[in-house]
Ligand SMILES: Cc1ncc(C[n+]2csc(CCOP(=O)(O)OP(=O)(O)O)c2C)c(N)n1
Ligand SMILES: Cc1ncc(C[n+]2csc(CCOP(=O)(O)OP(=O)(O)O)c2C)c(N)n1
Ligand SMILES: [Mg+2]
Ligand SMILES: [Mg+2]
């Protein structure tokens, strides 16, 4: 891995911090689902941290992001504090969405996270809208949307890509290609290569073949972001990566749809290990410094879990708020 | 124009007949709308006859076709008799859909026409379904779907192309690119070229630059049909053509969205005139023979109009038929 | 006061809103060319040109045919600083964007704990009764009433259309308009100054004491005509236009039925699970004790729309069908009246 | 007879139908891997393998995530010789394909004058009350009830699920199933031989004379429990499961209300324009003269679904809310009973 010379040491370390946050947060969340502290299920980004963080770090404050069901990494990548995220997963009053969203529907407007989406593909045009408002209002910001290889077969993506392209909107379409949609291997349900779909919609398509290399992801996305800021329109970036866990926690699929050689190949390419080694090799940080960072993040995650578990449940009446912005008659609801 | 040597004389003449049928039928329908004999409006294929007929003639009996709002040419191209089509436009009991469809919703299952669609894009996956049934049942047939350049920006097209490609279904996606969607120039709302969208979905894309040349359209579609019959999957064929009239009859748009040079350029390339001249030049038919064909079709169209006008209205109770295949309680309806 | 058509009122409300607030934009298919007649300049067109000339192409946006992306883009834009008016043309095209309406517009603010507000108006028009066939004639507002989080207006006159649309554009929540194309040409006096009509307030178009007749959208004028017919026969109808379907002013309707004891509801949507069903259900709960006759619905039949003019008219409510329903619930009075007259 | 779960019954019906007719195929996301548990082999799995092994990949089709194309493709395939069962997984995903449901499945046959028939079943399951959040919890069947041309089944038990699904697959018209995931594990005795239950015939689950309680889908068991509670307090409930919503057996419901004079309707969908509204409206028309109390609806509140377990349970009907509604309409009897007992 080649460490970019353009990036400050602190930025590089922050990348590793965010990857660690995602990893440890998701490991923790996974345990909490199994023990029943988190209701429902969660979809972890374990193994995909480089793809998430490389993309988010290429954005700057004021930019927007929308995501999908594999939902914790994206706001963490944008810099969202962990406590309210974990509290949201547990369904507490202190959750980032007041306990009303849950794992699938995290959003943290303070860091530009406009919302994850349980419905695959549904949040893609929302990012295009953020691009449109930037253009109409003349504001210097871009929007990025994350979606999976499976979701790349939903029509709304192509409507969105086309609209963004025709209007030259500052939007980055980021495909997280982990080779599977649930139990379905991408190649069995996908005609052609996703990256090749960009050209027909008048935008550049770039594929990051090693999505475990956070530098490679960063570079590709940063270029797309620059292009967007220059007013030259949207780009599609496809990142090849792998989820180390099952589609969602607790899901057991009786079919052996991912063989063990494949799993071994990818888990050997752990993005966090690779980046740690690269940083040390490049003399950016010592092993001891990296250890300290890991301990720091481990503590952060401990703290976020305690915060979540100790927080109060939402008041029942919170269920009747936020339907509309103005006061409404509860008669209409009850 | 080069006359294909592979085609029998009778086939060539039938092409011209079908183009003439479309032209004269649509001219007649246009008049009947203006005089109030046809309720609502109609969308003519005048100017686009080569594109329609070249495609339909590349199919054979047993194949299926779905179409869109520019709806008369497609069934006529498939060989549907004119009387019941015109009666349908007028809303008569003898209409091909018993007067229940109207211009926008023609269908003639007898010739493989599974239905035109007032909702743009909506009938595209229907053709994919016809391809799927052929594949599952092992029947030797293909399905072709017509849609416009404007409709090429609807997501359902890409979902359909992808599905057909992943399953290798015998489907031909035929884009009638007449440069406009209603008053909107294609290039202002379209990123990239439509034909280039095929590759990203794993299928060949072919563009017929001179869509006024019925031979060129036929050749391109026939190749796609052969490929489909060989089990090699779908193709996208984009045909560049032009509508000579307004988007729909009677519609007046105050903006000059198509300038007169452009109109002149295209009307000078009348597909029916071009083919007539080419046939005569190639010695396939004499001018007199072509005149006779024109007179024959003119008579057919006269007859279809009389048939339509003289036919009875549907019985009022027909409005309560065909909701379900089995008997239902009229109480549930009224 | 000036006299305005229903469609003119819509254009005028849009023009006022665009002039008042630079965050308001219009986005949709063919809006530049003003094909549907609501993005022209209205009376001022001659002086001020059309909307493109007045507001520029940055704010009047032709789109590709991509309803799902258009709707989603408008939602995203509304979440980030704009106040879009989306012109979806035919109401029949809303289905294409259903996911965005239900899962984004309606749920976003709720699900994210109030972080977003979504000030966007989705305009669409119900082209029914005009022989356009099954694909273009839908009146799908009941579907959207079943989705909490969407406000819905369905005006029946120029005055209401203008005032409600201004309120809709002011609203920080998503609003769907269902315009009645059969009423586009209907004229009404409209104030010259700007005005707004609040959502959730019904308009009693005619006072009466024997039967309450609720008319939704294009069925309202028919209800008024039927009331006229019945007045001649000694039956006094109170005719109510709910104007907005979400929120729905059930209070006005219930109070009226408490007075009249009878209810007829007319609407152009299909009967099953329509707005009339909802109104009937509310009244059967809140005013059951006052009811002296069955509640009658006069809706579009549970049928798709046939093309032929020989067939289509049967599908929708008519003045005659409304009269028949009133007759059915007022059989007593009519008999009494007959005896008196006879 | 054997005891079967609701979800097992669905799998068994699919297996029978696939064995009986080679034109039946199953198409949907992840159907090969049987993630949702309805494309396995049921009891016979050990001997016969899963559906892919039994029927082959030609008839068990994994799809891309493309609901609109999947639904449209299934419709086209049904028009040309197949009898597809489309597994759409969560009912919340139906919105993605709304245009195909409304404009193709529902209208095609009608609009083409009977040329097509469309024997296709669209299966979906309502995963509500399971803390999956607003995007996955919808119960959108009322929307589809407003669309003439779609048949709708919403079984509340294993026996009904199996028999209705066989009828659905036999039907030459498009059928939507709305399965209740909270009932997937509920068991019932089911005949060993093949059987079919006709559409449009309600099942009276308990006879009674004081009040009619209609329970739709997952609310039916709650209605039965509430009836049990009320029986102990001297109120006799007649509990009816409509089983299919289109066609809806209004006759059975109306006859029951003519007997009891009271009606409570419970359903998991949102209240406004829901199935309960339709049932209430029908009864307020056909049995108004027999009503001695207001009609009460116990529906999901007009709210989106919050995630937190501390919040979600409030949204749906419960045994307690149904009891409260019955109490409200039976206040007279309860007072009489109290006097008798006290
Ligand atoms: C519209 C819709 N269809 C189906 C689903 C069910 N579903 C949830 S995640 C998923 C697979 C998504 O695959 P991909 O986009 O590749 O993302 P990944 O899970 O691999 O990150 C499916 C089918 C859904 N949530 N929404
Ligand atoms: C879903 C949907 N959106 C919009 C329309 C309105 N509409 C009808 S035809 C048309 C233009 C279609 O353009 P194109 O696909 O290029 O076909 P052409 O008319 O040029 O043949 C539009 C926008 C529609 N019928 N359906
Ligand atoms: Mg994936
Ligand atoms: Mg065009």
Query raised in the report: Can residue D:105 be described as under 22 Å from the mean Cα position of the chain (by Cα) and within 14 Å of chain B (Cβ to nearest Cβ)?
Result: yes
Query raised in the report: Across region C:145-163, what is the number of residues that are within 14 Å of another protein chain (Cβ to nearest Cβ) and in a helix (DSSP H, G or I)?
Result: 1
Requested in this report: With respect to residue C:167, determine if the residue is within 14 Å of chain B (Cβ to nearest Cβ) and modelled with pLDDT of 95 or more.
Outcome: no
Report task. For residues that are under 23 Å from residue B:157 (Cα atoms) and assigned to a loop (DSSP other than H, G, I, E, B), scanning just region C:45-102, find the one that is farthest from the other protein chains (Cβ to nearest Cβ). Result -> C:63
Requested in this report: For region C:6-29, state whether one or more residues are touching a residue at least 40 places away in the same chain (Cβ under 8 Å), within 16 Å of ligand 4 (Cβ to nearest atom) and crowded, with 24+ Cβ neighbours inside 10 Å.
Outcome: yes
Report task. Considering each of A:110, A:134 in turn, give the residue that is surrounded by fewer than 24 Cβ atoms within 10 Å (Cβ to Cβ) and out of contact with any helix residue (DSSP H, G or I) (no Cβ under 8 Å at 6 or more places or on another chain). Result -> A:110
Query - Restricting region A:160-203 to residues that are within 7 Å of another protein chain (Cβ to nearest Cβ) and within 13 Å of ligand 1 (Cβ to nearest atom), the residue that is farthest from residue A:255 (Cα to Cα) - result: A:190
Report summary line: Over region B:305-323, the set of residues in contact with a helix residue (DSSP H, G or I) (Cβ under 7 Å, 6 or more places away or on another chain) and closer than 16 Å to residue B:81 by Cβ is B:305, B:307, B:308, B:311
Requested in this report: Report, ordered by the first and then the second residue, all pairs with beta carbons closer than 7 Å, sequence separation of six or more or different chains, a first member in region B:6-17 that is within 16 Å of residue B:281 (Cα to Cα), and a second member that is outside any helix (DSSP H, G or I).
Outcome: B:9/B:284; B:12/B:3; B:12/B:284; B:13/B:285
**Report entry** Lone unmet requirement of (1) facing another protein chain (nearest Cβ under 9 Å); (2) in contact (Cβ under 8 Å) with a residue 60 or more places away in the chain; (3) within 16 Å of ligand 4 (Cβ to nearest atom) for residue B:145
**Finding:** (1)
Query raised in the report: Which of (1) modelled with pLDDT of 95 or more; (2) exposed (fewer than 14 other Cβ atoms within 10 Å of the Cβ); (3) within 14 Å of another protein chain (Cβ to nearest Cβ) does residue A:319 not meet, given it meets every other one?
Result: (2)
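Inside region D:228-342, counting only helices (runs of 4 or more DSSP H) that do not spill past its ends, which hold 3 or more residues that are at pLDDT 95 or above, within 19 Å of residue D:156 (Cβ to Cβ) and within 23 Å of the chain's Cα centre (by Cα)?
Working: elements: D:250-260, D:275-286, D:309-312, D:319-329, D:331-341.
So the answer is D:250-260, D:275-286, D:319-329.
Hey, could you check region A:168-185 for residues that are within 18 Å of residue C:77 (Cβ to Cβ) and crowded, with 24+ Cβ neighbours inside 10 Å and say which is nearest to ligand 4 (Cβ to nearest atom)?
The qualifying residue nearest to ligand 4 (Cβ to nearest atom) is A:169.
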Query raised in the report: Hey, among A:155, A:150, which residue is in contact with a helix residue (DSSP H, G or I) (Cβ under 9 Å, 6 or more places away or on another chain), at pLDDT 95 or above and either away from ligand 2 (no atom under 16 Å from the Cβ) or on the phi > 0 side of the Ramachandran plot (or both)?
Result: A:150
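The values are calculated or read from the model by the stated rules, or taken from the named source; none is laboratory data. None of these values were measured; they are calculated from a predicted model. Using ideal geometry, Cβ is built from the backbone for each residue, glycine included, and neighbour counts are taken over all protein chains shown.
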